[in-house]
Structures are given as structure tokens and as C-alpha cells.
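Chemist: Before I ask anything, let me first share the structure, which is written out below as C-alpha cells.
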Amino acid sequence: MTTPFSTATAIERLAGGESLSADESRLAVGSILDGQTSEAATAAFLTALRVKGETGDELFGAVSAIRERMITFDSGRSGCLDTCGTGGDGARTVNISTGAAVVVAACGVPVVKHGNRGASSKSGSSDVLSALGVSIDAAPDVLRVGLEELGIAFLFAPRFHPGMRTVAAVRGQLPFRTIFNLVGPLCNPASPCFQLVGVPSEPHALRMADALSKTSSIRRAAVARGSDGLDEVTLDGTTDVLLIEGGRTTRLTWTPDDFGLPVTSAEALRVDGPAQSAEMLRRTFAGEDGPTRRYILANAAAAIWTVDQTPLAQAVERAAEALESGRAATLLERWGRLTSGDR
């Protein structure tokens, strides 16, 4: 008689340096999410997994367990994009991917952005959107109206992943990032077919690409990391890209010249919190030039490229026109009014 796979078995194997299969990881994480594992055992599991180093199969298994329990969101739109990244680069920059998402939507590409409050940064996507006047916990019918009328919606993770509450206390007590910090880009309740995912390191990129290549809803995804350690497309060096399409992964390298943008340090993008980040985004949408604008253009262009393969320099021109025409600023203002019920 076969003994059922348990979290205790998983901990013992992980502590011995063994890796779990995707299904074993799914079972162990599922037990945690269902409240069947004690906090002590949950902490031991997450610690052992972190010390050993998570594999692509273990990440995919964890994602499968979370997706089995999430509240799905029918966007009503095809060809949607997400720009959710893992965070964790420690750069504490302005919310580049959030600003880029607004610009991309203003270019006519539907965006269903999945996000949460800042876990490893001073300003997560939901934090800065709140500071910009967008209600992060809008009802699903309002989200669908936003997608239909504006081409953008924000899916606040706690609303769609109630099972994650069972691990919140343990995660808060551990002094390091866990596998749950990696799953956000892979657990969008709308299952968008296009994704641009920013990651801080090569191991993160490889795990993310492996999991995305096994995700049936993905038509095309790009995992990007800056050579300067930025978990975004960088303009201060090269950007290493893993392109996932048709279950295959291809390596690419981008330079600032590919975007037609000047070399620009990310140092000027540092913020103290969501209020400062929101102010920098507002100024950019109002027409201010500078590092924030350039980084938003580069990352918006990368997102557009991911969807329709528009050459990067041409995609930058599309994004710049969305800013210069005022469409991005108008979209952000309308989005705030819609989600707050003040239409």
C-alpha cells in the first residue's frame, strides 16, 4: 500500500537536498493553503525549499495548487497582457511596470494587471495605484467595464486568492523571500495569453521561464532582467530576455540602442514610497521628460513587442505618442473615476 505524500515527507526530502516533482509540490502547497499544515511545518517547508533552491517544477506545482483554489476572472477580452513582475531587486524604484501598463493600454493593448501590496519594495503596484486615485478592490463588474471602456483592469491578489491568507502570518515572520513571492506573475485570475515578467536574477528568470512554458494559457511571454540588477528592462546596460512561445524558450539581449533611447541610470528612479512614486508618474504623464519617462517608454515598448512583435524602436514611438497626446493621462484619470464610482 502506497503511503500518501505529505508535507512532512516533502520537508524531509527537501532538507536532504532532494527536489520535488511538480505534482508533489502541488500536493504539499495545497495542504498548506487548505489549512491542513501547522504554521511550524509550513515555515519548515518554506525554509527547506528556499535553502535547497526552488526548481521550475516546484514552482509550477505551487502555482497549480494556487490556481486550483483561486477565484477566476472572465475578462471578456481576448489578447490580454499582464506586466506583473516578481519584485525583489532591492532598487526601490518608481513603479515602472505600473506606469508602463497604463501607457500600453493607451496604445490599444488590453491590460489585466495582477498585483498586490509591496512585499519587497516600498511601493507595490496596488500601493501606487491607490495613491494615483485608482480603487484597487473594485468589484468584478467594474473591472469588466474598465476593460471594455478603457482597456485596463487591476486584479488585487487578496480578492482572488483567499487561500493565501493561511500563509500570510508565516510569511510575515520569515526574514527571507519564499516561493510565494515568485508565484504572482503565474497566478493571474484572468489567465492572460501575453505576459512581460520582470525578475531580479538569472535563477529567477530560468524558473519563471520553465513554469511559463508549461502554462497552457500562455501564447507568448517575455522574462526580462537588467544587467544592472533591475527587475525591469534597463537602460543602463543590457537586458537579458527569455522569450517563451509555443512551449519553447529563446534567449535574447536588448540594449538601449534597440529602443532608440539613451543610456540612463536607474539611480534617479529611487522613491521613498507610493506617494513619491505616484507623483513621478503623474509628472511623466503630464509631459515631463527624464529618466522615469525613458524607463516607462522602454518597458511599455517591451510589453507591446511581447504582444505583436512590433520592433522595439517603433513600439517606443507608439508609447511616446500615447504620452504626448495626453491619452495615457486621460486614461488614468478616467480609470480613477470609474473605480471610485465617480463617472
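Chemist: Among the residues of the stretch 37-58, write down those that are in contact (Cβ under 8 Å) with a residue 60 or more places away in the chain and either part of a helix (DSSP H, G or I) or more than 24 Å from the chain's Cα centre (by Cα) (or both). Outline the logic, then answer.
Modeler: To start, the set of residues in the stretch 37-58 that are in contact (Cβ under 8 Å) with a residue 60 or more places away in the chain comprises 39, 42-43, 46-47, 49-50, 53-58.
If the condition is that a residue be in contact (Cβ under 8 Å) with a residue 60 or more places away in the chain and either part of a helix (DSSP H, G or I) or more than 24 Å from the chain's Cα centre (by Cα) (or both), then Glu39, Thr42, Ala43, Leu46, Thr47, Leu49, Arg50, Gly56, Asp57, Glu58 are the ones that fit.
Chemist: Filter the stretch 164-213 for residues that are under 14 Å from Leu242 (Cα atoms) and hydroxyl-bearing (Ser, Thr, Tyr) and give the result.
Modeler: Ser201, Ser213
Chemist: In this structure, does Ala301 turn out to be touching a residue at least 40 places away in the same chain (Cβ under 8 Å), of a type outside the set (Lys, Arg) and surrounded by 24 or more Cβ atoms within 10 Å (Cβ to Cβ)?
Modeler: yes
Chemist: Just wondering, is there one or more residues in the stretch 65-75 that are under 25 Å from Val241 (Cβ atoms) and in a loop (DSSP other than H, G, I, E, B)?
Modeler: For the stretch 65-75, residues under 25 Å from Val241 (Cβ atoms) and in a loop (DSSP other than H, G, I, E, B): absent.
Chemist: Yes or no: the stretch 100-109 includes at least one residue that is assigned to a loop (DSSP other than H, G, I, E, B), surrounded by fewer than 21 Cβ atoms within 10 Å (Cβ to Cβ) and within 24 Å of the chain's Cα centre (by Cα).
Modeler: yes
Chemist: Filter the strands (runs of 3 or more DSSP E) completely within the stretch 173-288 down to those with at least 3 residues that are touching a residue at least 12 places away in the same chain (Cβ under 8 Å) and closer than 20 Å to Glu54 by Cα.
Modeler: Output list reads 220-226.
Chemist: State all residues of the stretch 304-324 that are more than 18 Å from the chain's Cα centre (by Cα), buried (at least 16 other Cβ atoms within 10 Å of the Cβ) and either under 20 Å from Val134 (Cα atoms) or not charged (D, E, K, R) (or both); if no residue qualifies, say none.
Modeler: Listed by number, the residues that qualify are Thr310, Leu312, Ala315, Val316, Ala319, Ala320, Ala322, Leu323.
Chemist: Pairs, please: C-beta under 8 Å, at least 6 apart or cross-chain, first residue assigned by TED's automatic domain parsing to the domain that holds Ala48 and part of a loop (DSSP other than H, G, I, E, B) and in the stretch 9-36, second crowded, with 23+ Cβ neighbours inside 10 Å and charged (D, E, K, R)?
Modeler: Ser19/Glu58; Leu20/Glu58
The values are calculated or read from the model by the stated rules, or taken from the named source; none is laboratory data. Small disclaimer: the values here were computed from a predicted structure and weren't measured. Note that we place each Cβ from the backbone using ideal geometry, even for glycine, and neighbour counts take in every protein chain shown.
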